[in-house]
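Everything on this sheet refers to the single structure shown next.
The values are calculated or read from the model by the stated rules, or taken from the named source; none is laboratory data. Everything numeric in this text was worked out from a predicted model, so none of it was measured. FYI the Cβ positions are ideal-geometry reconstructions off the backbone, even for glycines, and counts take in every protein chain you see.
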Amino acid sequence: MPQNQKRIFENPTNKETILPRIPSIYKKEVKYMFWSKDDIVERLSKIPRTLEDISIEIFEGVPPTNDFLQKAGLSKENCTDASCVCRDLMNVNVEQVSTEKELMYPYIDGSVSNEFAVQSTQYQFMLPYEILDNSIRKEYRILQPEELKAKFPIAYKQLMEIRQPSETEKQELISADYRFGNESFLQYINTPKIIVTSNSRLHALYDPTGKHVFANGVGVVLGDLTLYHYVTAVLNSSISRAFPEIWSHKGVQNASSLNSQMLKRFPIAFPKKEITENIISATSRYLIYLNRQKQMAKAYSIPGYQELIDFYKRISDLLILDIYITNDLDPKLLEILAENITTSDGGFEYTDDINLLIGLQEIKKNILSSPDFRKCKFSNEFTNILATLKNNSVW
């Protein structure tokens, strides 16, 4: 193993790290040793394949405009266990309402986003539309007032209350009163998708059923179902921190806010070895489970989730960084990870089985205790890029 290398992980039994030595060959080519933010952005900008190339569609979520239905002050009378989010210009108000469940969909506000897993919420959004088929891209139609009155009388009554704020202004309800101006998101109701929101950085969560309605975000429907976990991991990696800079590098305007046109430009790179992609996808599934369990365990104060989340995110981040920029991964690390990080068929990441947490803790222990793991090292180039991504104040 060359001497110009440094440990990336801490030795679980010995905290001492191996400091790098700089051979003369690297001194002659400093540009390959010390990467700046601009160097990384330039390299990422040259990746030819983008998220648009592997997607069926990249589209906006619920329009953030002050839609008539969104700002409705709905009645609390005759409440059921359904609920609805009602929006005005400034904030989101939540009121329990007795709307028929066939018209209700889980709602995600983009201001309360999460990584990897859709956070369970009691909030729902009323969509008076009929979804006509089960293909990837759905046919849909708006329900007419007479249909609503016959099939969904509670929804009809609520819409009438919205439409008729004054008893002296009685008018017939028409579908234009409650339809959305931009309905493109309806085509992908009940279609698996990645929902991406942007606060201080990108947050990508995988919605396997696609039943969620979301605001202030972008939905990504991929052409290959097997890529969802890998792409979710990439969008949550340190590479995504450079994305706003890539927008600026390509001359994209208004890069401060996320939209579908911008996300289409996100560079997508795939590993040369299928085993690397499999490890990242499996790790992403681990993180979906852990993030879901962490949210559900808040009331029970069960420890251990964040430590495992940090560990598996670290592994995923190292692998993605290697794929995108360095191609300098220590082969020993890949062998250790492939031996330990595996998944079974089925949606185990959506189970509530607490025993899976024990299993993921055991996998972490096996990786850290492997004799070869303590020997895994990375070149100075690798560690310098990682430090730039993590520590640069701009990112």
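Does Y206 satisfy the condition of being over 14 Å from F59 (Cβ atoms), more than 10 Å from the chain's Cα centre (by Cα) and of a type in the set (F, W, Y)?
On the way: over 14 Å from F59 (Cβ atoms): yes; more than 10 Å from the chain's Cα centre (by Cα): no; of a type in the set (F, W, Y): yes.
No.
One line per residue, one yes/no per condition, for (1) at pLDDT below 85; (2) among the acidic types (D, E); (3) surrounded by 14 or more Cβ atoms within 10 Å (Cβ to Cβ):
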residue: E245; (1), (2), (3): yes, yes, yes
residue: H249; (1), (2), (3): yes, no, yes
residue: Q253; (1), (2), (3): yes, no, no
residue: L258; (1), (2), (3): yes, no, yes
residue: K272; (1), (2), (3): no, no, no
residue: E277; (1), (2), (3): no, yes, yes
residue: S284; (1), (2), (3): no, no, yes
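Counting only residues that are acidic (D, E), under 14 Å from I288 (Cα atoms) and either in a helix (DSSP H, G or I) or in contact with a His (Cβ under 7 Å, 6 or more places away or on another chain) (or both), how many does the range 320-367 have?
Matching residues across the range 320-367 total 1.
So which residues in the range 212-233 are modelled with pLDDT under 95 and either of a type in the set (S, T, Y) or assigned by TED's automatic domain parsing to the domain that holds A117 (or both)?
T226
Which residues, taken from the range 178-202, are hydrophobic (A, V, I, L, M, F, W, C) and under 11 Å from the mean Cα position of the chain (by Cα)? It would help to see each step written out before you state the result.
Residues of the range 178-202 that are hydrophobic (A, V, I, L, M, F, W, C), as a first pass: 180, 185-186, 189, 194-196, 202.
Scanning the range 178-202 gives I194, I195, V196, L202.
Per-residue answers, yes or no, for (1) surrounded by 22 or more Cβ atoms within 10 Å (Cβ to Cβ); (2) among the aliphatic types (A, V, I, L, M); (3) part of a helix (DSSP H, G or I); (4) in contact with a helix residue (DSSP H, G or I) (Cβ under 6 Å, 6 or more places away or on another chain):
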residue	(1), (2), (3), (4)
E161	no, no, yes, no
E172	no, no, no, no
Q187	no, no, yes, no
A204	yes, yes, no, yes
G210	no, no, no, no
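Every residue in the range 189-202 that is part of a strand (DSSP E or B) and closer than 24 Å to E245 by Cα, please.
The answer is I194, I195, V196, T197, S198, L202.
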